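Remarks on the structure that follows.
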Amino acid sequence: VTVVLNHWQRPVENLLGQLRAAVASIAVEVWVCIFGSPLAEAYQAAIDLVQAEEEVGRPSKIRTVHSDVDFGVYGRFLVASTAKTAFVYMVDDDVPFPVSA
């Protein structure tokens, strides 16, 4: 499973919750898409924080896809189409985590 998190203007706390939950999951990779966001620096700081929390000695699951261009809703789907895993789970920035089943 590849998890794709799309973030544009929602609170950084949303990204922190999503990212921590995704990293703790069975996901092979967690991709954070930041396209044309005015919060790009704050999002990168959150990503750096969660990467520092990951288990020492293991490669990070987190990949960041960053662009100054806002690709709209289509950018995340284009990125997701390059995943090497059989399944891709896409999460928008307005979904708070953790989510109970």
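In the chain, the calculated helix contribution to ellipticity at 222 nm averages -10500 deg cm²/dmol per residue, counting -39,500 (n - 2.57) for every DSSP H run with n ≥ 4. Which is farthest toward the positive dipole end of the chain among A86, V12, Q44, measuring Cα position about the Cα centre, with Cβ charges +1 (Lys, Arg) and -1 (Asp, Glu)? In the chain, that residue is A86.
Sorting the segments 40-46, 27-33 by their mean number of nearby beta carbons within 10 angstrom, highest to lowest, gives 27-33, 40-46.
Across the chain, C-alpha contacts under 8 Å between residues 6 or more apart give a mean separation that, scaled by the residue count, equals a relative contact order of 44 percent.
Nothing charged except the Cβ atoms of Lys and Arg (+1) and of Asp and Glu (-1): what's the magnitude of the dipole of the chain about its Cα centre? Round to the nearest 20 debye. Don't skip to the end; give the middle numbers.
On the way: 7 positive and 12 negative charges, 74 e Å.
Dipole magnitude for the chain comes out near 360 debye.
Computed in the context of the full set of protein chains, the accessible area of the chain at 1.4 Å probe radius has 61% of its extent on carbon or sulfur. Would you please classify the overall shape of the range 21-78 from the alpha carbon gyration tensor, given that a ≥ b ≥ c denote the square roots of the eigenvalues, rounded means a/c under 1.5, and beyond that prolate means a/b larger than b/c while oblate covers the rest? Cα axes put the range 21-78 in the oblate bin. Rounded, prolate or oblate: which fits the chain when a ≥ b ≥ c are the square roots of the eigenvalues of the alpha-carbon gyration tensor, with rounded for a/c under 1.5 and prolate only if a/b beats b/c? Here the chain falls in the rounded category.
State in Å² the accessible area per residue of the chain; use a 1.4 Å probe, count heavy atoms of protein chains only, and round to the nearest integer. All intermediate terms of the calculation are to be shown ahead of the outcome.
On the way: 6020 Å² over 101 residues.
On a per-residue basis, the chain sits at 60 Å².
The values are calculated or read from the model by the stated rules, or taken from the named source; none is laboratory data. Model, not experiment: these values are computed from the prediction. All Cβ positions, glycine included, derive from the backbone under ideal geometry; neighbour counts span all protein chains shown. Heads up: the accessible areas ignore ligands, DNA and RNA and are worked out on the full protein's heavy atoms, side chains in. Shrake-Rupley method; radii C 1.70, N 1.55, O 1.52, S 1.80 Å.
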